[in-house]
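Below is one structure, written out as structure tokens, with a few remarks after it.
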Amino acid sequence: MDAGEEIENEEEEETRTHVPSTPGPSTPLRNSYTYHSPTPSGEGPYILGVDEAGRGPVLGPLVYGVAYCPVSYRNQLEELGFADSKTLTPEIRSNLLETLQSDPDNLGWSVRVISPQAISSGMLRRPATNLNRQSQDATVMLIKDVLDRGIRLSEVYVDALGTTSTYQAYLSSQFPGIAFTVESKADFKYKIVGAASVAAKVTRDACLEDWTFEELEYKSPDVTLGSGYPSDPKTQHWLKASLDPTFGFPKVARFSWTTVKLLLEKQGHAVQWIDEGQESLIKAFESAQGLDKDRCGLTRELGIRSIATL
């Protein structure tokens, strides 16, 4: 799938056994993408919740999710069982995702799946696009997408870490007329954020469990990926078993993570760049004496001389 591609979930596709917001069976996650459920038809205004899954893991994507419903539906939402997805079992989370899809007139949801390679590329480029900025961009993109689908939002609740007041002010400046609440543990306090948490978590887990390696010659070790968190013994085992000393890891790994960097430094082959230690290049830029002082040897050999001084 191309970056930014949207997958529309048609109603007749509800019989699919896989999670609809994943790439699909035997399909590699090559690029980041956005998934949208059918657009609710219930009368607005709407409330919307934002949460993520996979910020800390060394393996797999980072997924941002939103869920939204009419303000008038708030009381019904309270009875559906949504909560912080980390406190729920996988079975309950899967059932809640089905609940989220059970009332398409009033419930809508979307996810932005950021691939491991996109995360690492952003963090390793110069200047870097750190994880906070990538998360911020995903949140803004999802809210814009919902508005573009004709949904009138009056309240948005965001689960976030760090200085929430600064982030709340930023989002309010981007979307005037919408009341933003940005808090830590918002997925526990607000059911609509809990619903977004479930959408993000179920999507990420399914992406990792059904991961299809795009590397044609890669032979995956006979061990599971685990949860993807650096502290998970299964993930640690997979990382050690999967490291190729020359080529590193497949693209499921986030190369910008310290866990990966340390393994590559300890167990990977050292790389010597072709210009390292070449005495001829070093000598060419050494200072000379007399009139040629402070001029490199290359300029002398080419007969290049100064004609003015700025």
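The values are calculated or read from the model by the stated rules, or taken from the named source; none is laboratory data. All figures in this text were calculated on a predicted structure; none of them were measured in a lab. Because the Cβ atoms are built from the backbone with ideal geometry, glycine has one as well, and the counts that use them run over all protein chains shown. With ligands, DNA and RNA removed, areas are computed over all heavy atoms of the protein, side chains included. Shrake-Rupley method; radii C 1.70, N 1.55, O 1.52, S 1.80 Å.
Points to keep in mind about this one:
- Criterion (of a type in the set (A, V, I, L, M) and within 26 Å of G81 (Cβ to Cβ)) met by exactly one of A160, A128: A160
- Under the condition of being open to solvent by 30 Å² or more (accessible area, probe 1.4 Å), in a loop (DSSP other than H, G, I, E, B) and among the aliphatic types (A, V, I, L, M), the residues counted in segment 216-254 number 2.
- Residues of segment 255-266 satisfying the condition of being in contact with a helix residue (DSSP H, G or I) (Cβ under 8 Å, 6 or more places away or on another chain), surrounded by fewer than 19 Cβ atoms within 10 Å (Cβ to Cβ) and in a helix (DSSP H, G or I): T259
- Of all the listed residues (T129, T163, T212, T203), the sole one being under 27 Å from S41 (Cα atoms) and of a type in the set (S, T, N, Q) is T203.
- Of all residues in segment 163-186, those being outside any strand (DSSP E or B) and in contact (Cβ under 8 Å) with a residue 24 or more places away in the chain number 9.
- If you go through segment 34-57 and keep only what is under 25 Å from N130 (Cα atoms) and among the charged types (D, E, K, R), you end up with D51, E52, R55.
- Considering residues of segment 148-162 that are outside any loop (DSSP other than H, G, I, E, B) and in contact (Cβ under 8 Å) with a residue 12 or more places away in the chain only, the residue surrounded by the fewest Cβ atoms within 10 Å (Cβ to Cβ): S154
- Flag if S172 is loosely packed, with under 14 Cβ neighbours inside 10 Å and either of a type outside the set (A, V, I, L, M) or modelled with pLDDT of 95 or more (or both): no
- Of all the criteria given as (1) surrounded by fewer than 16 Cβ atoms within 10 Å (Cβ to Cβ); (2) at pLDDT 95 or above; (3) β-branched (V, I, T), the one not satisfied by T27 is (2).
Quick grid of which residues meet (1) open to solvent by less than 20 Å² (accessible area, probe 1.4 Å); (2) among the small types (G, A, S):
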position	(1), (2)
G177	no, yes
T181	no, no
S184	no, yes
D187	yes, no
Y190	no, no
G194	yes, yes
A199	yes, yes
V202	yes, no
E209	no, no
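- Looking across segment 107-134 at every residue that is basic (K, R) and without any contact (Cβ under 8 Å) to a residue 12 or more places away in the chain, the one that is nearest to Y64 (Cα to Cα) is identified as R133.
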